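Trainee: My structure is below; once you've seen it, I'll send some questions.
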Amino acid sequence: MPRPFSNKEFEFSQPDGTLISLRGWGNQHYAVFETLDGYTVVINPVDNFYEYAKLPADKSFLEPTGFRVGVADPATLGIPKHIRISQPAAKEMAKASFNRMTRTTRWQERIQEEKSAKKMMMRSIVRTITLYSGLYRKFLDYMVFIQQVQRVINRL
């Protein structure tokens, strides 16, 4: 179940250890973060630094400008405040994130495989015990039969 947050302040650290304060809206599937003065930010996937965001013409995603948060002045760079991608693009990103989260991970698959192997082993053991108990019962019946035959022979 998604845990939404709205206008919540967060403190993140840049890869160099610099702390930055951001405000966010969204949930674990899709979120937008801004500086406290309203400039939208994204993580640059190359160096993992938070940078001011820009919006391409199709408004399908936010991309880094190359200017790190707190280092450059976004107002002098002409970066607009409060930019957002289109609603359909946001929904698509949230859906993709949800699908990634609901997909079974490799470690979960290994646990399932291990559980299945244990179940198969237990079933095999139960079958073996059942088989041997059936054979043991037949053996006991045979022994009783032999004793009865010996009694009859001894009476003769």
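What follows draws every value from the coordinates through simple rules; no lab data is involved. Model, not experiment: these values are computed from the prediction. Backbone-built Cβ (ideal geometry, glycine too); neighbour counts: all protein chains shown.
Trainee: Cα atoms only, the chain: Rg and Dmax in Å?
Mentor: 34.5, 121
Trainee: Arrange the following residues from fewest to most other Cβ atoms within 10 Å of their Cβ: 140, 77.
Mentor: 140, 77
Trainee: While we're on this one: Please list, by residue number, every one of the chymotrypsin sites (Phe, Trp or Tyr not before Pro) in the range 58-156 that is coil in DSSP and has at most 15 other beta-carbon atoms within 10 Å.
Mentor: Of the chymotrypsin sites (Phe, Trp or Tyr not before Pro), the ones in loops of the range 58-156 whose Cβ has at most 15 other Cβ atoms within 10 Å are 61.
Trainee: Full-extension gain between residue 115 and residue 77, please, as 0.36 nm times their residue separation minus the C-alpha to C-alpha distance.
Mentor: 7.9 nm
Trainee: Now a separate question. Please give the peptides 121-127, 54-60 ranked by average Cβ packing (other Cβ atoms within 10 Å per residue), highest first, as a rough proxy for protection.
Mentor: 54-60, 121-127
Trainee: Compute a Gaussian network model of the chain, connecting alpha carbons closer than 10 Å, and tell me which residue from 120, 143, 93 fluctuates the most.
Mentor: 143
Trainee: For residue 19 paired with residue 48, estimate the spin-label separation in nm (one decimal), with each label point 7 Å from Cα along the Cα-to-Cβ line.
Mentor: Computed distance between label sites residue 19 and residue 48 equals 1.9 nm.
Trainee: Extending each Cα 7 Å along its Cβ direction at residue 124 and residue 138, get the distance between those two points in nm, one decimal.
Mentor: In this crude spin-label approximation the distance works out to 2.3 nm.
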